[in-house]
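Chemist: Have a look at this one before I ask anything.
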Amino acid sequence: METNLFENVLELIGNTPSMRLKAIESYFNIENKLYAKIEYFNPGGSIKDRMGVYMLQKAREENMINSDTIIIEPTSGNTGVGLALYAIKYGNKLIFTMPSKVSLEKEYLLKAYGAFVVRTPTNVKPDDPNSYYSVSEVIKKLIWKKNKKIDILEIKNIVEYVQQLVNNNDLDKLKEILKEDIKPNIYAYSPNQYENKYNPESHYIITAKELWEQFDGKLDYIFAGVGTGGTITGISKYFKERSNTKIIGIDTVGSIYKLVKDGMDIKKALEHAHTYLVEGIGEDLIPETVDLDSIDDMVVVGDQESFSMTRFIAKKEGILVGGSSGAALFGTIKYIKDNNIKGKKIVIIFPDSGRSYLTKIFNDDWLIKNNIKINDEKILEVLL
């Protein structure tokens with residue numbers, strides 16, 4: 001009998017496994033059942049496959065895109081791959097903007113799917129004309145201005161032109177383009193994962209339901225990193241409609257989420273914001289896709305602890321994950337120990353694969369260059 005056969009790559013998304021972290025439980029003397037939901041089993045290698053495809057499916061249903069539309073998005077990499085999986089099936093071209101701190105592997109990965117990538121500075125405010133948010137708007141407006149289907153050479157020329165503006169720090173020209181009043185058209189579309197309601201909805205409809213069915217609704221805690229906030233917001237809404245499961249968010253040092261969650265004014269919180277190395281979690285803005293009220297509590301984890309735990313997971317459990325997964329696990333263990341939590345069933349979302357960070361997190365030379373210590377077990381003693 002033929003089984004487990006699929007018609008296209010989109011059908012492979014979801015139904016990812018959850019694995020008990022017995023070696024971690026034993027090592028850190030944890031009296032709870034810890035499960036990792038391992039999202040790198042998605043075909044694009046991360047949880048963002050779910051959201052990326054869902055947003056574009058909805059855009060097509062609402063006649064906002066067709067096969068002539070160029071998809072443009074600011075991304076740290078993973079959302080871009082999810083969008084690319086959809087675009088390949090439906091024939092869309094892709095342009096992504098990406099901050100310079102994001103690993104080279106992610107840039108190469110997006111290019112492997114046929115996308116164009118524009119790199120932007122990391123240490124700039126979201127509304128700066130050369131931030132990766134603003135630069136994506138610049139590209140979109142330049143395509144709208146043409147008001148026609150453009151070929152691959154024209155796309156290449158636009159990408160090279162914008163990259164040159166960014167490299168030359170030509171803020172005046174970038175501002176000029178951003179201020180132009182250009183009527184939108186079908187030829188360029190940005191899903192905008194930071195504002196798109198279908199980001200959290202995808203996790204409410206798909207991810208949360210999957211988790212619920214895996215554990216028959218019997219979960220005491222769910223821990224997840226907060227990036228755009230779509231994952232944790234969607235999951236929280238689903239579970240809180242059905243159970244008393246506690247939802248705990250993982251933030252990073254340099255982000256403003258925990259500060260705002262604790263009641264600090266956003267403007268004041270931004271005074272404490274600074275760059276950090278871990279990718280995929282934390283923000284220096286509050287996206288429309290996050291509902292901080294739906295999160296019961298938050299834990300802040302630094303780069304050092306995130307990376308030490310990420311490397312430790314690979315050696316202890318044989319799971320190669322990214323830095324946000326390490327942050328999530330470190331934050332989980334810290335939280336349950338600080339609050340003396342015992343006898344509970346806990347799931348931690350592991351968003352992506354460590355293969356996208358081999359030249360960074362798993363490269364001792366890069367870590368040392370960035371003032372990150374590599375004696376992982378010594379660093380993690382704080383949790384014992």
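What follows is calculated from the coordinates using simple rules that are stated; it is not laboratory data. Computed from a predicted structure; not experimentally measured. Backbone-built Cβ (ideal geometry, glycine too); neighbour counts: all protein chains shown.
Chemist: Which order do the peptides 286-293, 327-334 take when ranked by the mean count of other beta-carbon atoms within 10 Å per residue, highest first?
Modeler: 327-334, 286-293
Chemist: Once you sort the root eigenvalues of the Cα gyration tensor of region 223-314 as a ≥ b ≥ c, which label holds: rounded (a/c under 1.5), prolate (a/b larger than b/c) or oblate (the other case)?
Modeler: oblate
Chemist: Hey, what did region 167-307 get for relative contact order, percent, Cα under 8 Å, at least 6 apart?
Modeler: Relative contact order, region 167-307: 27 percent.
Chemist: Calculate the FRET efficiency for Lys240 and Lys145 from the Cβ-Cβ distance with a Förster distance of 45 Å, rounded to the nearest 0.05.
Modeler: Working from the Cβ atoms, E equals 0.50.
Chemist: Would you list which aspartates and glutamates come within 12 Å of Lys148, measuring only between C-alpha atoms, while excluding same-chain residues fewer than 8 positions from it?
Modeler: The qualifying aspartates and glutamates are Asp68.
Chemist: Another question, if that's okay. For Lys267 and Thr122 in one chain, what is 0.36 nm times their gap in residues minus the Cα-Cα distance, to one decimal in nm?
Modeler: Result: 50.2 nm gained on full extension.
Chemist: Can you tell me the 0 to 90 degree angle between the C-alpha axis of helix 78-90 and the longest principal axis of the chain, rounded to 10?
Modeler: The helix 78-90 is inclined about 50 degrees to the chain.
Chemist: How large is the charge dipole for the chain, taken about the Cα centre, if only the Cβ atoms of Lys, Arg (+1) and Asp, Glu (-1) carry charge, to the nearest 20 debye?
Modeler: In total the dipole reaches around 300 debye.
Chemist: Any idea what angle helix 323-338 forms with the longest principal axis of the chain, computed on alpha-carbon atoms, 0 to 90 degrees, nearest 10?
Modeler: It is inclined by approximately 30 degrees.
Chemist: Can you give me the distance in nm between label points at Lys315 and Tyr108, each placed 7 Å from the Cα along the Cα-to-Cβ direction?
Modeler: Taking the two extended label points, one gets 2.5 nm.
Chemist: How many nm is it between the label spots at Phe362 and His274, if each spot is 7 Å from the Cα in line with the beta carbon?
Modeler: Distance between the two pseudo-spin positions: 3.0 nm.
Chemist: Please find, in a Gaussian network model of the chain (springs between Cα atoms separated by less than 10 Å), the residue of Lys342, Lys209, Lys258 whose mean-square fluctuation is greatest.
Modeler: Lys342
Chemist: Charges on Cβ only, +1 for Lys and Arg, -1 for Asp and Glu, centred on the Cα centroid of region 192-298; of Gln214, Met298, Val260, which one is farthest towards the dipole's positive end?
Modeler: Gln214
Chemist: Rounded, prolate or oblate for region 48-189? Axes are the square roots of the Cα gyration tensor eigenvalues, ordered a ≥ b ≥ c, and the cut-off for rounded is a/c under 1.5.
Modeler: Oblate shape, in that a/c is at least 1.5 and b/c is the bigger or equal ratio.
Chemist: Mind giving me the FRET efficiency for Ala23 and Asn371? R0 is 30 Å, r the Cβ-Cβ distance, nearest 0.05 is fine.
Modeler: 0.55
Chemist: If packing is taken as the average number of other Cβ atoms within 10 Å across a peptide's residues, how do 3-10, 180-187 rank, most packed first?
Modeler: Packing order, densest peptide first, comes out as 180-187, 3-10.
Chemist: Next question, about the same structure. Only helical DSSP H runs with n ≥ 4 go in: add -39500 (n - 2.57) per run for the chain, normalise by residue count and round the 222 nm mean residue ellipticity to 500 deg cm²/dmol.
Modeler: -12000 deg cm²/dmol
Chemist: Can you tell me the order of 54-61, 229-236 when each peptide is scored by its average per-residue count of other Cβ atoms within 10 angstrom, highest first?
Modeler: Descending packing order for the listed peptides: 229-236, 54-61.
Chemist: For region 15-55, list residues with backbone N below 17 Å from a point placed 7 Å from the Cα of Ile205 toward its Cβ?
Modeler: Residues 15, 48-55 qualify, since their backbone N sits under 17 Å from the label point.
Chemist: Moving to a separate point now. Tell me the relative contact order for region 48-189 as a rounded percent, counting alpha carbon contacts under 8 Å between residues six or more apart.
Modeler: Result for region 48-189 is 25 percent.
Chemist: In whole Hz, what ³J(HN,Hα) sequence does region 204-214 give by Karplus (6.51, -1.76, 1.60; θ = phi - 60°), x for Gly and Pro?
Modeler: Listing the rounded values in order: 5, 6, 10, 5, 5, 4, 4, 4, 4, 5, 4 Hz.
Chemist: So how tilted is helix 230-240 from the main axis of the chain? Cα-based, degrees 0 to 90, rounded to 10.
Modeler: 50
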